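I have placed the structure first, in the form of structure tokens, so that the comments after it can refer back to it.
The values are calculated or read from the model by the stated rules, or taken from the named source; none is laboratory data. If you're wondering where the values come from, they're calculated on a predicted model, not measured in any experiment. Cβ placement follows ideal geometry from the backbone for every residue including glycine, while neighbour counts extend to all protein chains displayed.
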Amino acid sequence: MHFENGGAEMRIPRHLAIIMDGNGRWAEQRGLPRILGHHHGVETAKVIIEESRRLGLSYLTLYAFSSENWGRPEEEVDSLMSLLNTFLERELETLLTHRIRLNVIGAIHRLPEAVQHTLIGTMERTANNRDMVLTLALSYGARDEILGAVKAIAGEVAVGRLGLDAVDEECFSGFLQTAGMPDPDFLIRTSGEIRISNFLLWQLAYAEIYFTPVLWPDFSPTHLHEAFTEFSRRQRRYGLTADQCQDDVTD
Ligand code: FPP
């Protein structure tokens, strides 16, 4: 799908993944408690979800809480969990209105029971929505996910339900928590950090990656459009030559 952004071409990825970073620094720069940065981060998430849906994305995956984030001070973890719960309860109507299906990846059993309950309820209520899939990565770590897939495959092979020869990339993808979803074609990370931080390590193999210094609470639809304009400039080759890639491979 293509849009115009002030005259520049804007191609929309099918699957956008975002590492929403910089809430803490945004707050600290203002002499505010870190949790207030997360509050603003949630508002940004709402705006970006709605803009993504408006622009016609099919899949949006947000890294909301990593497996490493459990190591943060208890007070911050508790506040993040309660923010997440409130966000889900508050935004159910938005998800229904915009026909967005909620999906979750990560070690969900580690989340507080109340959050698990709200997540399951929201996923059930939005299960028939077809216009966009919003995946929240919660208590998520890619190495953990990959190990889980390896163990599940080993188990299937051990009992003879799966032959080793059948374990190819497609089969492996089917054992990941993102099974059934196309891989992200674009990754955005805010806040100037230039790393992937254990996010979707297998799935991002061919993604275009975009780093911006903008802190997540300041990230606006205009920044999203700028990122998509940059995405449109990149030619995606999948290891082929430029000549072999005359056809548009993302559409
Ligand atoms: C990174 O900022 C952000 C997080 C660890 C949590 C992200 C969570 C939200 C934006 C809110 C939840 C979102 C939804 C959709 C419910 P940081 O604290 O690592 O910032 P810093 O690197 O500046 O310290």
Kindly check whether there is at least one residue in the stretch 133-146 that is surrounded by fewer than 16 Cβ atoms within 10 Å (Cβ to Cβ) and touching a strand residue (DSSP E or B) at 6+ places or on another chain (Cβ under 7 Å). no
Flag if Glu193 is more than 22 Å from Ser58 (Cβ to Cβ) and in contact with a Leu (Cβ under 7 Å, 6 or more places away or on another chain): no
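For (1) assigned to a strand (DSSP E or B); (2) within 12 Å of the ligand (Cβ to nearest atom), each residue gets a yes or a no:
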| position | (1), (2) |
| --- | --- |
| Ile18 | yes, yes |
| Asp21 | no, yes |
| Ile35 | no, yes |
| Asp78 | no, no |
Restricted to the stretch 200-219 and to residues being among the aliphatic types (A, V, I, L, M) and part of a loop (DSSP other than H, G, I, E, B), the residue nearest to Lys46 (Cα to Cα) is Leu215
Looking at the structure I just gave you, is Leu134 of a type outside the set (Asp, Glu), closer than 21 Å to Arg54 by Cα and modelled with pLDDT of 95 or more? yes
Could you check the stretch 147-168 and list, in sequence order, the residues that are aliphatic (A, V, I, L, M) and surrounded by fewer than 11 Cβ atoms within 10 Å (Cβ to Cβ)? Ala158, Val159, Leu164
Which number in (1) away from the ligand (no atom under 16 Å from the Cβ); (2) on the phi > 0 side of the Ramachandran plot; (3) of a type in the set (Gly, Ala, Ser); (4) at pLDDT 95 or above marks the one condition that Ala158 misses? (2)
Scan of the stretch 71-83 for residues that are within 22 Å of Leu200 (Cα to Cα) and loosely packed, with under 13 Cβ neighbours inside 10 Å, ordered by number: Gly71
Among Ser52, Ser82, which is within 11 Å of the ligand (Cβ to nearest atom) and among the small types (Gly, Ala, Ser)? Ser82
When the stretch 95-146 is checked residue by residue, the ones that are outside any helix (DSSP H, G or I), out of contact with any Phe, Trp or Tyr (no Cβ under 8 Å at 6 or more places or on another chain) and over 15 Å from Leu84 (Cα atoms) are His98, Arg99, Ile100, Arg101, Ala127, Asn128, Asn129, Arg130, Asp131, Gly141
Condition first: of a type in the set (Phe, Trp, Tyr) and out of contact with any helix residue (DSSP H, G or I) (no Cβ under 8 Å at 6 or more places or on another chain). Now tell me which residues in the stretch 4-63 satisfy that. Tyr59, Tyr63
Kindly indicate which of Thr44, Thr118 is surrounded by 19 or more Cβ atoms within 10 Å (Cβ to Cβ) and in contact (Cβ under 8 Å) with a residue 60 or more places away in the chain. Thr44
Report whether or not Ser220 is surrounded by fewer than 18 Cβ atoms within 10 Å (Cβ to Cβ) and within 16 Å of the ligand (Cβ to nearest atom). yes
Within the stretch 161-199, the residues that are in a helix (DSSP H, G or I) and either aromatic (Phe, Trp, Tyr) or within 16 Å of the ligand (Cβ to nearest atom) (or both) are Phe172
In this structure, does Thr86 turn out to be buried (at least 19 other Cβ atoms within 10 Å of the Cβ) and either modelled with pLDDT under 95 or assigned to a helix (DSSP H, G or I) (or both)? no
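Within the stretch 178-199, is there a residue that is aromatic (Phe, Trp, Tyr), modelled with pLDDT of 95 or more and farther than 22 Å from Met132 by Cα?
no
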